[in-house]
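Read the structure below first, then the notes.
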Amino acid sequence: MKNGPVFFLGLLAAIGISWAGIVLGSHLQLSSLAPYYDETVSDVFPPRMGGIAARGQLVYADLGCAACHTQQVRRPDFGSDKDRGWGERQSVARDYIYQARPQLGASRIGPDLATYGARMAQTSDAADRVYSFLYTGSATHPGYKFLFETEPVVGQVSGKALKLAGAATPGAGQQVVPSERAQSLVAYLLSLNHGFQYPEAVPYTAPAQQAAPAAKGPIPEQHPVTPVPAAAPDEKKNQEQPKK
């Protein structure tokens with residue numbers, strides 16, 4: 001093919017321009033995002049993730065949780081995430097500025113977890129409930145018993161021991177305690193709270209449309225109305241008197 005080199009260079013240029021537009025363009029647009037300072041509470045959002053929670057994100061990624069869970073709340077006109085209780089506003093890029101590996105997810109076999117920590121904060125035993133769920137699992141969620149250790153009770157039962165019931169109850173003199181990976185994972189899950197109302201998270205509202213102009217057409221013919229003259233006072237009086 002005579003124009004082979006030209007075709008190859010054109011193809012390479014097309015790929016390079018596309019890559020630059022998508023990757024570099026997005027990086028230049030989002031890399032300058034900074035935390036939002038709220039003067040009313042004198043604090044910045046989002047807060048930095050703690051050390052144990054940051055390690056928990058690595059455990060979350062290692063277990064492949066993003067294959068069944070997302071961490072991105074959709075806007076109100078693009079789903080029913082708000083009705084499901086998964087978030088009060090849509091997720092925005094600023095929510096992820098402190099995450100080296102945002103776990104956006106690809107499918108929703110399980111619920112969205114972007115505000116999981118905020119939802120669980122409404123219960124006093126949030127950590128215990130999450131530990132028990134991770135250990136026992138459910139009909140639609142596998143149990144991760146390998147994240148826990150069964151050990152004998154020495155003296156008193158450990159404060160970290162799981163409060164299990166039924167078939168999951170350990171044997172006599174035994175207790176189930178979370179490993180360091182389990183503690184990191186639970187700390188990460190309970191830290192998820194995309195709830196602060198950033199200015200860019202406010203849904204766009206289209207301006208009200210102006211009234212449509214009147215339909216064009218022939219102007220109807222208008223006939224002048226001749227006013228009826230009022231009767232003079234004497235004539236009106238004579239008209240009112242009956243004839244004899």
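Here, each number is a calculation from the coordinates, and none is a lab measurement. Values in this document were obtained by computation on a predicted structure and should not be read as measured data. Cβ coordinates were reconstructed from backbone atoms using ideal geometry, including for glycine residues, and neighbour counts include every protein chain displayed.
Some observations on this one:
- Against the rule of thumb 2.2 N^0.38 Å, how large the Cα Rg of the stretch 79-155 comes out: 1.40
- A protection proxy built from the mean count of other Cβ atoms within 10 Å ranks the segments 62-70, 196-204, most packed first, as 62-70, 196-204.
- Cβ crowding within 10 Å averaged over residues, with 177-184, 106-113, 18-25 ranked highest first: 177-184, 106-113, 18-25
- The Cα center of the stretch 151-207 and the Cα center of the stretch 42-103 differ in position by 16 Å.
- One chain, two ends: Ala61 and Gln29. Fully extended at 0.36 nm per residue, the span grows by 8.9 nm beyond their Cα-Cα distance.
- Using 0.36 nm per residue and subtracting the Cα-Cα separation, the extra length available between Ile97 and Ala167 on full extension is 20.9 nm.
- Compactness index (Cα Rg / 2.2 N^0.38 Å), the stretch 114-172: 1.26
- Once the Cα-Cα distance is subtracted from the 0.36 nm per residue extended length, the Ala121 to Glu88 segment shows a gain of 10.3 nm.
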